Structures are given as structure tokens and as C-alpha cells.
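First comes the structure, then the notes that go with it.
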2 protein chains.
Amino acid sequence: MLTGRAQYYLDKSKFTEIGEFTDPNESPEYDIFYAGHTSPSISLAFGLAKARSLKKEDFNIVAFIGDGSLSGGVAFEGLNNAGKLNDNFIVIVNDNQMAIAENHGSLYDNLRELRETNGQSEHNYFKSLGYDYIYVAEGNDLESVINALKKAKDTKNPIVVHLNTQKGEGYAPAEAHREEFHFSAPYDVADGEPLQQSNESNYITDTRDYLLRKVKENPELLIISSATPEVFGFMEKERKACGNQYVDVAIAEQTGVSTMTGAARGGAKVIYPVMATFLQRAYDQLEQDWAMDNSPAVMPVMGTGIRALTDLTHLGFWDIPMITSIPEIVYLAPTNVEEYFAMMDWALNQNEHKVAIRVPTYSYEHSKGEVDTDYSDLNKFKVVKEGKDVAVIAAGDFFVKGESVVDALAEKGINATLINPRFVSGVDTELLNSLRQNHKVVVVLEDGSKEGGFGGRIAQAVGATGMKCLTYGLEKKFVDRYNPEELEKAYRLTVPQIVEDTLNALK
Amino acid sequence: MLTGRAQYYLDKSKFTEIGEFTDPNESPEYDIFYAGHTSPSISLAFGLAKARSLKKEDFNIVAFIGDGSLSGGVAFEGLNNAGKLNDNFIVIVNDNQMAIAENHGSLYDNLRELRETNGQSEHNYFKSLGYDYIYVAEGNDLESVINALKKAKDTKNPIVVHLNTQKGEGYAPAEAHREEFHFSAPYDVADGEPLQQSNESNYITDTRDYLLRKVKENPELLIISSATPEVFGFMEKERKACGNQYVDVAIAEQTGVSTMTGAARGGAKVIYPVMATFLQRAYDQLEQDWAMDNSPAVMPVMGTGIRALTDLTHLGFWDIPMITSIPEIVYLAPTNVEEYFAMMDWALNQNEHKVAIRVPTYSYEHSKGEVDTDYSDLNKFKVVKEGKDVAVIAAGDFFVKGESVVDALAEKGINATLINPRFVSGVDTELLNSLRQNHKVVVVLEDGSKEGGFGGRIAQAVGATGMKCLTYGLEKKFVDRYNPEELEKAYRLTVPQIVEDTLNALK
């Protein structure tokens, strides 16, 4: 509302025209950077301050950050750097006492102390990092905030303005249900109740039930979340039910992965369900901690593929290139719910491998037969139907698309082979070489970025055989609030398009 | 020496048997984790503490961290989490007042205050995060340390033991030249002087000279380092020469990338030379900050490929898969020194693209002719020699290998095409399609991990054409202190092996 976008919230017909996150295209004046992941604002603003200094300009630089975002390492790094500026630099901390769920970590004890002492506590995280400090008890009161900002404006030393705010102030249901209102489906304005409620199973509720069962079965099982327990259905009730078998490391994926590694090394069984888009923050920990160390643990990767979140900053397209570029991580892609939990069981009951599992989002599928229970023969693909001329390798939740392609090819008189690779982190070279005897074209489908992904691996392995190879997946492009069906068409991912290309390749 | 490895340092013949970093294979008792990158020790130990609690065990957990490593975000995240443990947790901070170069950030003012007040300063970063705190003024004095650890042992609240130490104590040259002794070639024990000194140009000295020249030419150019200025030849003298046009953001690659983004957005020209292995910590910032935002800047990537650092934890193999999985980052791979700086010039003088440049390590090469100065036609490969039957696409510092392969093929009567792709982040589809007219085999060479890399992209593009495609690069495997020549043989990367495979593919 402060940035001229109130109309979009007040006029229902305009609501979908704006995004949920900052967007320089939408508001060049106020949205200096894209920001959907938390925590980098201070570091970005530090960069602006360096440019201001080199260009000998003079204006106020303000970094805005929520209390929840302060737990991310890059926020500390930014504070550490900007704290040395002998120049104007204002950090506004919007302390509403919430991350997505509740906050975690000892920093939040210090913020509470500061609130309880009206900013006077002897321990002050921000002062220990060299900042001047102003506390505003009534952070929802415009006049109080304006007064504080007037004091901070034009100061030539880094300063933190710590606002004590109330999340959802003025709307009782949002004040009462702060976690639920972080991200809500349409609700009744009168009482805040969701307009539609579903009791149907889905991958999230199934994951929740599985985790709760496993926690009961094994008192040495630890569930880790990095501030997003709701993505696996853990609301307050479920978290409490797990007691000390559940730990939220706050918005801190690097520490999520390191904690997983450390706890596995310490002999616990560990499951760390994490959103693909946020896992990006832990690339180095995935390689240097988890993959290198003897720390078998299980990482269900949520929110991947074309039908997950469609916001530019939350795309789940890049996980296969990211995770599978690292040695020693087994990345499994289940094709249905039974296979998913069979893979979870196997991963949990073995002590040799580090296992990530790509939780489907494309559609909720049940297995048509018995699923395998042993995945220790790494990179062994499963031939679901033997045919000839064309082999369709359809990974994870695009397996259903593979089935449809094979059915459509059958209508054209082609008896194609259908393969569930199960593993996207490696290649079944033996199988691929054997295909050469009576296949001319290999078609690979994956619900993720095509470049650097699973299809590239297959194309490399097929490249020497003389068979053609067609790979299908998402383009390496930024897209924002797209329509999944339209994107499938644009990327030639519909069944008729794939069939057309395959027939052309056979010619 | 405390962990039973003194003999390896005292006996010259045994010195190469041990590594420079912790290694559980080398010392299962003392090296609990592999650790070569800094900063995750507290988070890893936090994981151990969670396992200890679930297993109802009772022992002391000690996380060891240097002052320099405290600047990395994950160290803060670990402190934030472990600070809430109502249990034994000891953090030993070895404060020798050095990172690799000097420390940067306001945290270090607080550490200095703590040293100067014998631990009594009113501001205390660790106490603000809920830790008990012991200061040891004589951190090199064994008895003082033992006394402090006796106090910390078995405490049931997280505690920081802050040791004030002297880097290199007892060896005058190391005390005097603390930065040079972080990583040293063999030296004369009497005076610490290097046994061999070279005045020959190399990519590091050339980069240094280029940066110093550019800084002088443009007062709005900013050079960023994340604590490793020596990898581009910036010792104290060069850093001082740059004044406020140089900023070291400490061991904090996330903030390195965000600062680059922010400063570019603020209108400065920015160059951020960074080690490939450490850049892994900034994957999310590369995508969410740099790639998405309108922030043209230049990132020379150092230490890549088979002839860079050979330690497991410092391998430079993974940069191509990592960087090129992200949209909007142009990754250039120069084949010689003139092309490198032509690419740097182009990248610096344009305002449209975010450009990373893969600095060669394989060999120091000069151009045989004029190099191109304009790279704005993205993903346009350069045909260096037109031939037929076989096309060799040799990227970056493996271009020399491509030349040798083409020469060796000529001896077998094959007139191969030779291509310098220049870009490893995209594919020249038009060129690849045109090759199909008179080529049967495409051979791709890259000095980096094969899976998810440049070769995979080419194989995908070639897959539909009917040509065969052979891709060469490093296996997706962890290797440690390897011999580069032997690894080339093992991975079939020698010229005779590549020629043999190519001839087989032509059959």
C-alpha cells in the first residue's frame, strides 16, 4: 500500500495482476531487486552503498528485513559487512515475532529481551555488530515509525531501527492464526475460514502421516525442517507430537543440511524434507558436508516441476541439475505414491547412501502393481514394457506422460518400450547399450530443467550408440506466474507434440 | 600434533601421506567430518548434539572454529541454533586475528574489544546469542587453554571459549608474514624465503595487472573479493593501491554475489574474481540475486579444472554444471590469455549481460591470431578450422587438447573440423544442425565435470540429428590429491584415447 499498489488489493479484478514478491518490472521505483527468497536485503543494500560511495552520491540506503529472515546466514554476513561502513546505512527490522512458523534460535531470545526492555537490554545483537540502535515499541503505529525514521535519516553510521509489529494487525482471524495466514487459499472474510476444504489425500498429507508413523516407530528418528514445516503438513499439532524428534533450524538451509549430516553421523536416522527452491541455499553443504561424509540420511525434495509454485523466485525447475551434479547423492524420482514410500522405506533402512527423493507434484498417482522395495542396485532402470524402435524413458511424475506417449505411439502402429528410470542421478549404461539392438530413437521425459538434467545424461550415454535421442523438459528460462498448460505447449511437452517429434525422428 | 600426526610433519618422507584438511579416513578418532571449506563446524556439531539427545547419550561436544570462519553465514546459523540447546555444547573460537588475509566486518571490532577488555566488554556477540563465555588471553599457552576447557567441560549450557592466539607462534617468519604463510610453496626454514621464485607471467599475475589497470582507468569500478584476494594476485600492496575500489566481504560468498549485484544495480562496474569451489556457497544468490536482477557484472571464476587444486574439498570440477544450470548467466570459456582479456573487456563494457569467465588453469597459452572483441552474439561458436566427418568442439583450456586431437586425426587421414565454442552456457544449434551435412561424429571436450556440463548440452542438441556424439570431461566422482596425468588416463582424456574412440565411432 505504501508503494502505490493498494488498488490491486482493493479491486478483485486487478488482484492477479501483481505478484506476491518484489518485482522491479512491477514497481521500478520501490522494488529495487527481485526478492522472493529471504535474507539477502542487507547484502544487496551493502552493494548499493559501495556504488554510492564510488559515484560520490548522497542518499539514504534502507534495507528492510523481517525477524524471521535474520536467521539466514547471508543476513548476518550483510550485517557484518555493512556494520563497518562509516556512512549512512539504515536497517529496518520488522519484528513480528514470526517466521513462516514460529522463530527458532537464540537470536530470538535476544529480540524478545529487547522488546521486553523497550530496547534497553544489556545484550544487543545489533550493537555487538557496531550498529546504532532505535527501538520502536509500537511498530504498527505510523507516527511512531515516522518519528524513528526521521531520527535515522541522514545519519552517517549504520543504524538498526527495530520495529515491534503485530502480524495481521486489524484483522482478527489473521492475528489469531498467524501461521495459517502466511499463505492462504481464498477464505471467508468474516471469519477467516477457508472457502474450500479438502479431505483428500495428497503427497503432502501422505508425507505428514508417514513421518508421524516413523517418529513413533523409532525414537532415534529426527525430522528436520528449515522453517517450512507446512510443506510436509506439519502444523503446530504435528510438531508438538514429535517432541524432540522434530527440529526447526529456522530459515537456514545451510544449517539444515549440516544438521542432517551431523545427526546422521551421530547415529540418528534423519529425514529433512525441504523445498527445492530453498535448498539452493545449501549447495555447498550438500556437496562438502552431506555428500562427502559418511552420513546416510533422507531428503524428500518438495515443490519441484512445472505444477509446483509458479512464481519466478520459487520455481522448482533447477533441482535435478543442482543435486545430480554432486557425486554420492542418490536422487530417486518416484512415479506414484506407493513407490514414493517404498523408496522412503528403503532409504531409511539402509546405512550406505545419502538419498534425496523427488516428491511428485504433477499428479497424484497410485501404483498399478507391486512396487520394488530394494533400490540398492544403483542406477538400475526398470523396463515397464518391452517394445522396439522407440524407447521412452519417463522420469518421476512425468511417467504418466510417458505412458500416454507409448499409448499414442501404439495407435500409430509403434510398439514402444517404456522405462521407469527410478534414478535421475545416474544412468543405466548397460540397458541403454542393449536398446541399440532394436531401437532407433530414445525419448527422455523429465519434469524439470532440461539443460544439465537427467535427459542430458541419457543423451551423453546414447550419443555413442548411433541411436537418436530426444530430450524433453523445461527450458532454461525464467518464467513468472505462468499457466502450466500453456508452458507445456510452448516447450513441446504435450503428448501429441512428443509423438510428432518421435515420428519425425523415426523417418 | 594433538591428533597423533606429528610424525608426518617431522619426517619429510611421510609428509605427503597426509592431507591439509580434516579427513575421517585419515583419523577416524579426531576427524569426525571432512572439512575444507570454512564455517560449518557449529552446525555439524549441532546435528551431533541432536543425535546425542535422541540416543540419550552423554558426552561433550566441541565445535572448533577460527575467527575468520565466523564471517560465513552458516557459522552464525549454527550459533543461533546451538544457542538454544539446554545441554552441553562447547564452541572454541581460535581468534588469531586473521582470515586468509586480514578479517573484515564489524564482528571483528567486537572480537578486538573483547581481547582489549580481557573479555569484559559490555558488547559481546556470543553473549547476545545466549552463550556463556570464557576468554583466554594466552591462547597459545597450553596450561591456560587446559584450565579454560576444564571449566567448560560438562557444562549443560552452550559456552564459547574464546582463545586469543598468535598465528605461527614460535617461528619468526610465520609470525611476521602471516598471510604469505597461509599457503606456502617450499621455503628456506632459516628465513622463510621461498626456495623458488618465478617472474613468469601466468593467469594470476595477468589478472592482477589487468585489474590494477582497470581500477585506475575507471574510478567507478569496484573489485570484490570474498577473503581470497591472493587467488588473483592481490596482496596487501595491490589492495591498498585500489583504495575504496576494493572491498573484501570476508569469507562470505553469498554476500560476495549479493554485493556484486547491488553495486552493479547501483551503477558501478563490478568485477568479482572468485574460486570455483567457494562459489558453491552462493548458488542461491547467483540465481535469485544476480541472474534475475538487472545487474551486469563480471565474475572471473578461478581454480577450475583438472590442474587446479587437487584436494577433495577444493576440486574445481563442478562449476560448469552449477553456473550453467542458471538462466541469464553467460559463462565464457577463453582458450588463451588474449581471448581471456578480450572477453573481460567486452563483459566490462556492456550493460546487458551478467558474465562469468572461466579462467584457464590447464596451460598458459597465447593466441595465434587476432581474437574477437565482441561476444554479444550469445552462444555463437567459432569454427577455427573447417573439415568433415568429425567435428571437435573443444571448450576453454581444453582447446589445446582439441587442436592435438585434430592434428592426430589428420595423421590418420581425417580432416576434422575444429570449433572453439567460447560459450559453455548455451549451444549454437544452427551450427550443430549444419554440421550434419558432412559430419558423422561430434566430439566435445571440457575441463570439468562431464555430467550436467557443456558436453551434455551438446549431446542433447546433437541427439536429434543422427550424428554420434562423444563427450569428454571429468567423471562425477570424488577424488583426492590425485595425479592429474593419471586421472586424464583413467578418464580416457588423453589425445590417443580420444582419437581411438573417435575412429571407433566412425566405423
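The values are calculated or read from the model by the stated rules, or taken from the named source; none is laboratory data. Note that the coordinates shown come from a computational prediction; the quantities given were computed from them, not determined experimentally. Cβ placement follows ideal geometry from the backbone for every residue including glycine, while neighbour counts extend to all protein chains displayed. Areas reflect the complete protein model, heavy atoms only, side chains present, ligands, DNA and RNA absent. Shrake-Rupley method; radii C 1.70, N 1.55, O 1.52, S 1.80 Å.
Here are some notes:
- With respect to being closer than 28 Å to B:Asn218 by Cα, open to solvent by less than 50 Å² (accessible area, probe 1.4 Å) and among the aliphatic types (A, V, I, L, M), B:Ile357 fits the description.
Residue by residue, here is whether (1) open to solvent by less than 10 Å² (accessible area, probe 1.4 Å); (2) more than 25 Å from B:Lys450 (Cα to Cα) holds:
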{"residue": "A:Val270", "(1), (2)": "yes, yes"}
{"residue": "A:Arg281", "(1), (2)": "no, no"}
{"residue": "A:Glu338", "(1), (2)": "no, yes"}
{"residue": "A:Met343", "(1), (2)": "yes, yes"}
{"residue": "A:Asn349", "(1), (2)": "no, yes"}
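- Residue within segment B:430-447 that is closer than 29 Å to B:Leu315 by Cα and open to solvent by 10 Å² or more (accessible area, probe 1.4 Å) present: no
- Filtering segment B:14-28 to residues that are within 14 Å of chain A (Cβ to nearest Cβ), open to solvent by 60 Å² or more (accessible area, probe 1.4 Å) and free of Cβ contacts under 8 Å to residues at least 12 places away in the same chain leaves B:Asn25, B:Pro28.
- Test: residue in segment B:370-379 that is surrounded by 18 or more Cβ atoms within 10 Å (Cβ to Cβ) and either touching a residue at least 40 places away in the same chain (Cβ under 8 Å) or within 30 Å of B:Asp289 (Cα to Cα) (or both): yes
- Of everything in segment B:108-134 that is of a type in the set (Phe, Trp, Tyr) and more than 7 Å from chain A (Cβ to nearest Cβ), the residue that is farthest from B:Gly78 (Cα to Cα) is B:Tyr108.
- Taking the criterion of being in contact with an Asp or Glu (Cβ under 8 Å, 6 or more places away or on another chain) and under 30 Å from B:Leu474 (Cβ atoms), the residues of segment A:307-326 that qualify are A:Trp318, A:Ile320, A:Pro321, A:Thr324, A:Ser325, A:Ile326.
- Scope segment A:158-186; condition open to solvent by less than 50 Å² (accessible area, probe 1.4 Å) and part of a loop (DSSP other than H, G, I, E, B); matching residues: A:Pro158, A:Thr165, A:Lys167, A:Gly168, A:Glu179
- Filtered residues of segment A:49-107 (kept if at the interface with chain B (Cβ under 9 Å from one of its Cβ atoms), in contact (Cβ under 8 Å) with a residue 40 or more places away in the chain and more than 20 Å from B:Gly105 (Cα to Cα)): A:His104, A:Gly105
- Residue satisfying all of: in segment A:37-48; facing chain B (nearest Cβ under 7 Å) and in contact (Cβ under 8 Å) with a residue 40 or more places away in the chain; nearest to B:Val215 (Cα to Cα) among these: A:Phe46
- The number of residues in segment B:142-154 that are within 34 Å of the chain's Cα centre (by Cα) and either part of a loop (DSSP other than H, G, I, E, B) or within 14 Å of another protein chain (Cβ to nearest Cβ) (or both) comes to 0.
- Criterion applied to A:Asp31, A:Asp11 was being touching a strand residue (DSSP E or B) at 6+ places or on another chain (Cβ under 6 Å), surrounded by fewer than 21 Cβ atoms within 10 Å (Cβ to Cβ) and farther than 30 Å from B:Leu79 by Cα, and the one residue passing it is A:Asp31.
- In segment A:474-489, of all residues being more than 19 Å from the chain's Cα centre (by Cα) and surrounded by 16 or more Cβ atoms within 10 Å (Cβ to Cβ), the one that is farthest from the other protein chains (Cβ to nearest Cβ) corresponds to A:Glu488.
Yes or no, residue by residue, for (1) more than 14 Å from chain B (Cβ to nearest Cβ); (2) among the basic types (Lys, Arg); (3) outside any loop (DSSP other than H, G, I, E, B); (4) farther than 30 Å from A:Arg481 by Cα:
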{"position": "A:Met322", "(1), (2), (3), (4)": "no, no, yes, no"}
{"position": "A:Pro327", "(1), (2), (3), (4)": "no, no, no, yes"}
{"position": "A:Tyr340", "(1), (2), (3), (4)": "yes, no, yes, no"}
{"position": "A:Ala347", "(1), (2), (3), (4)": "yes, no, yes, yes"}
{"position": "A:Val355", "(1), (2), (3), (4)": "yes, no, yes, yes"}
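- Restricting attention to segment A:390-429, the residues being among the small types (Gly, Ala, Ser), surrounded by fewer than 23 Cβ atoms within 10 Å (Cβ to Cβ) and under 28 Å from the mean Cα position of the chain (by Cα) number 1.
- Yes/no for B:Leu470 being more than 7 Å from every other protein chain (Cβ to nearest Cβ) and crowded, with 20+ Cβ neighbours inside 10 Å: no
- Qualifying residue in segment A:460-473 (condition: more than 19 Å from the chain's Cα centre (by Cα), under 24 Å from A:His366 (Cβ atoms) and without any contact (Cβ under 8 Å) to a residue 24 or more places away in the chain): no
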